[in-house]
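Working notes, beginning with the structure itself.
Bear in mind that the values in this text are calculations on the coordinates, not laboratory data. Source: prediction; values computed, not measured. As a convention, Cβ positions derive from the backbone with ideal geometry for all residues, glycine included, and neighbour counts pool all protein chains shown.
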Amino acid sequence: MRGAWRSRNLLAGGAITALMVLIALVSLVWTPYGPTQIDIVHRLATPSAAHPLGTDLFGRDELSMLMAGAQSSLSVALIAVIVGAGIGVPIGAFAAARGGVPDDLVMRACDLAFAFPALLTAVMITALAGPGAINAMLAIGIFNIPVFARITRGAARGVWGREFILAARAAGRHDTAITVLHVLPNIAAVLLVQATIQFALAIVADAGLSYVGLGTQPPQPSWGRMLNDAQTFIWRAPLLAVFPGLAITFAVLGLNLLGDGLQDLLDPRVRRAR
Amino acid sequence: MTRMLLAVALGATLLAGAAQAKDTLTVGMVLEPPHLDPTAGAASAIREVTYGNIYEGLTRIDHRGEVRPALAESWSISPDGLTYKFRLIGGVKFHDGTPFDCSIVKFSYERAVAPDSVNAQKQLFEPIESTTCPDPLTAVVKLKRPTSLFLFDMAWGDAVMISPKSAATNKTNPVGTGPFRFKQWIKGDRVEMVRNPDYWGAQPKLKAVTFKFIADPAAATAAVLAGDIDAFPLFPAPEAIDQFKSDPRFAVHIGTTEGKTILALNNARKPFDDIRVRRALAYAIDRKALIDAAQSGYGKPIGSHYVPTDPGYVDLTGVYPYDPAKAKALLAEAGIKPGTEITIMLPPPSYARRGGEVIAAMLDQVGIKAKLVPIEWAQWLDQVFMRSDFDATIISHTEARDLDIYARDKYYFNYHSPQYKALYQKFVEAIDPKTQLDLIGQLQKKLADDEPNVFLFALAKVGVANAKLRGLWDNDPLPANVVAGVSWAD
């Protein structure tokens, strides 16, 4: 029974996420209309056969914008997670391998980074560096670094105490080789789960940044800005706010379900604990 | 017993609240002024906060756009149009106690006309030859040549009276003769002022006024709905107006402004130095659609740098009708390849931010890729307006009858036309009203012909205010929010 529930999480999350990725990929080659194509005569149209989700304040097709928005949202989040993991994981692995003072230094630095609220840090960075998709990726990526550093370090410390590591050390393997060949493969599952969760958070962060005008810049569509644009039209065209809201909700829900499912499937410790 | 007492106390509080009419006002504005000295900056926001509230000039412009006496109670003009004799109001004091007399007039005008003057409208004072003081309450201004608009010009926010004592500090601590005194400025948020108990004229009904700066349309809407803002004279979310119209708590004020909204082009930069490119851009933009999409239909198309409500207006909207095919042909003729990229700077007002998206899509239709760069107001003033470092930008020029900016040697869009300059000089020197109007028409036509900027639309005044407010202006004949006459109905 429990097993079935677990796989249902995984299936639902995987299906939603796959759908989002598919939509994002399709939007690269095809959308019903150009996502920046305006049609002022048909502005603020309600859903119809021609525009399944209606049109926005400039008469742009809402569905096309959502599709293109998925692409920009997912790519910002993906790069942000890659930046975070790409820097955070080596730092964490280094701390775990060395232990002692380097470990303390790295972890206290992470504590320091955690003391700043993540989203506010991102707002600060984009406000300083200038708005735009690339800066948003970096800003979100930066607050992902300590998350990955800490989780890597914690999980890696656990692996470093295991017998096969001692054996590898006894065989004269260098720490770096042990980290790459033995430690990282053993904590890959934990990192994958964390990456999924961070991915979901990054989507929310991207939406937040573009909502306040610091993320993806017009005319490139983004979910956050669609929400902002829709806000003052809420009495005339309430659906304009509903669709991007739903898109963000589904993307985050899908990734979180996927993360949960993956965790149950991949992480033996959790499975044993239950 | 306790409960009854409570009820009585509560009732008494409620009654007291009802009996005492509100005597403070919070006005919403989109742009924050860079500083508060109207004689030292071009940003309209400076005058929208200070004009008629903190500072006053010899004359003023009323809500109908007519010249009225202010610190000069009357004046006479010599038959040759060269000597203006102003009779000043006696007993007027600046907020810091400095008495106002002719020496102040002399100081203010001489400062504005001086070679090192930083006045943004220096040309208004250029005709002044001398200011003399036969007695403390008489100021005699001699002009180099007849200047038809002189009394109007001296009513501009840039021509207000400044005390020598506070001239250096007015940017942060403005001191004038007006009905309100500056209290404090919380940067990024609001400017507060309080009633001037020693005001020479009628005491304002309001005890305190706050100008609050909110650029985001959604935040502005929320602030008005929540009652945090009592009046938003140039409301940035015209799409929400219907909602306010149907709400009895609010009154909607639709009127006109002097705002000439333009796609300003840097004429010194390629490809905008080519008239064919500028004309192509003018053909590529559907003004009616732009107004519908960016301003919810509020605003009137214009074909030159002049608004329909000003005297001598000529309708030139037909010079460049919306014609993408013609635009493409002109671009091809000028050697502009499809896919050429230009950058449009977008200051915070929604006409620019939204208008930019619409214009980018329209330019895309004729093969020009517009990169949109949203920038903050201070940065716009510095980079675009002061340093002229831009390709194109969307901005509304809210000064009244400012055809002179195209005749200046140095102005941010770098339009240089000897013919226009000569024509403008003729206009300035014309005394006969009919000749003046005729020349105003010729100036407009010359601009439409050269199309230094793409003239888009006259900015409408779309204001929202609490329904109980009285005395707000319906139109904006100059950038100002004069609140001296504003009061609350009970």
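Ordering B:Leu82, B:Leu363 by the number of other Cβ atoms within 10 Å of each residue's own Cβ, fewest first, gives B:Leu82, B:Leu363. Per residue, the average separation of C-alpha pairs within less than 8 Å and at least 6 apart gives segment B:57-167 a relative contact order of 33 percent. Taking the DSSP beta bridges with both ends in chain B, the antiparallel portion is around 75 percent.
Does a label point 7 Å from the Cα of B:Asp449, set along Cα-to-beta-carbon, have any residues of segment B:272-291 with amide nitrogen under 18 Å, and which are they? So the set is B:274-280.
Across peptide B:286-297, how many C-beta atoms of other chains are within 10 Å of each residue C-beta, on average? The mean count of partner-chain Cβ atoms within 10 Å per residue comes to 3. Where only DSSP H runs of four or more residues are counted, chain B gives -8000 deg cm²/dmol as its mean residue ellipticity at 222 nm, each run worth -39500 (n - 2.57). Taking A:Ala12, A:Ala122, A:Ala171 as the candidate residues, the one with maximal mean-square fluctuation in a Gaussian network model of chain A, Cα springs under 10 Å, is A:Ala171. When DSSP beta bridges are restricted to pairs lying wholly in the protein assembly as shown, around 75% turn out antiparallel. Placing +1 on the Cβ of every Lys and Arg and -1 on the Cβ of every Asp and Glu, with nothing else charged, gives the protein assembly as shown a dipole about its Cα centre of roughly 1840 debye. Within segment B:259-460, what percent of beta bridges assigned by DSSP are antiparallel, to the nearest 5? Given both bridge residues lie in segment B:259-460, the antiparallel proportion sits at roughly 55 percent. Compute the distance from the alpha-carbon center of segment B:170-221 to that of segment A:194-240, in whole Å. Segment B:170-221 and segment A:194-240 have Cα centres spaced 35 Å from each other.
Placing +1 on the Cβ of each Lys and Arg and -1 on the Cβ of each Asp and Glu in chain B, which of B:Tyr51, B:Ala208, B:Ala159 has its Cα farthest towards the positive end of the resulting dipole? It is B:Ala208. By a straight-distance test (C-alpha under 21 Å), which lysines pair with B:Lys328 as possible cross-link partners, with residues fewer than eight away in the same chain excluded? The reachable lysines, counting only those whose Cα sits under 21 Å from B:Lys328, are B:Lys270, B:Lys288, B:Lys337, B:Lys369, B:Lys371.
Charge dipole of segment B:62-131 (Cα centre as origin; +1 on each Lys and Arg Cβ, -1 on each Asp and Glu Cβ, all else neutral): 160 debye, rounded to the nearest 20.
Proximity of backbone amide H atoms, modeled 1.01 Å from N, is registered between B:Thr138 and B:Leu88, B:Cys102 at under 5 Å, excluding neighbours fewer than 5 places apart on the same chain. Axis of helix A:133-160 versus longest Cα principal axis of chain A: the two differ by about 30°, to the nearest ten degrees. With respect to chain A, whose longest principal axis is taken over its alpha-carbon atoms, helix A:239-266 is tilted by about 20°.
Altogether, the Stokes-Einstein calculation at 4 °C and 1.567 mPa s, with the Kirkwood radius of the protein assembly as shown over Cα pairs as Rh, returns a diffusion coefficient of 44 µm²/s. Shown for B:Lys212, B:Lys300: other C-beta atoms within 10 Å of each C-beta, ranked fewest to most, produce the order B:Lys300, B:Lys212. The distance from the alpha carbon centre of segment B:402-423 to that of segment B:463-479 is 34 Å, rounded to a whole number. Between A:Val180 and B:Ser103, the modelled label-to-label distance comes to 8.4 nm, taking each label 7 Å out from Cα in the direction of the beta carbon. Pairs to check: B:Lys85/B:Lys426; B:Lys144/B:Lys300; B:Lys93/B:Lys171; B:Lys165/B:Lys212; B:Lys93/B:Lys212. Give those whose C-alpha atoms are more than 30 Å from each other in this structure. Over 30 Å apart, Cα to Cα: B:Lys144/B:Lys300. Relative to the Cα centre, the charge distribution of segment B:415-490, modelled as +1 at Lys and Arg Cβ and -1 at Asp and Glu Cβ, gives a dipole magnitude of about 100 debye. Each stretch of four or more DSSP H residues adds -39500 (n - 2.57); spread over every residue of chain A, this sum gives -25500 deg cm²/dmol at 222 nm.
Taking each residue as 0.36 nm, the span from A:Phe250 to A:Arg173 lengthens on full extension beyond its C-alpha to C-alpha distance by 23.1 nm.
Of the complete DSSP H runs in chain B, those spanning 18 angstrom or more by Cα along the long axis with a mean Kyte-Doolittle score not below 0.5 are B:2-19.
Legend: ranking of residues A:Val252, B:Val118 from fewest to most surrounding C-beta atoms inside 10 Å; resulting order B:Val118, A:Val252. Between B:His253 and B:Gly463, B:Val464, B:Ala465, the built amide H atoms are under 5 Å apart, and every one of these is 5 or more places off in sequence or on another chain.
Taken residue by residue and averaged, Cβ atoms of other chains lying within 10 Å of the Cβ of B:356-364 number 4. Along the axis of the charge dipole computed for segment B:259-460 (Cβ charges of +1 for Lys and Arg, -1 for Asp and Glu, origin at the Cα centre), the listed residues B:Gly356, B:Val384, B:Phe457 are led at the positive end by B:Gly356.
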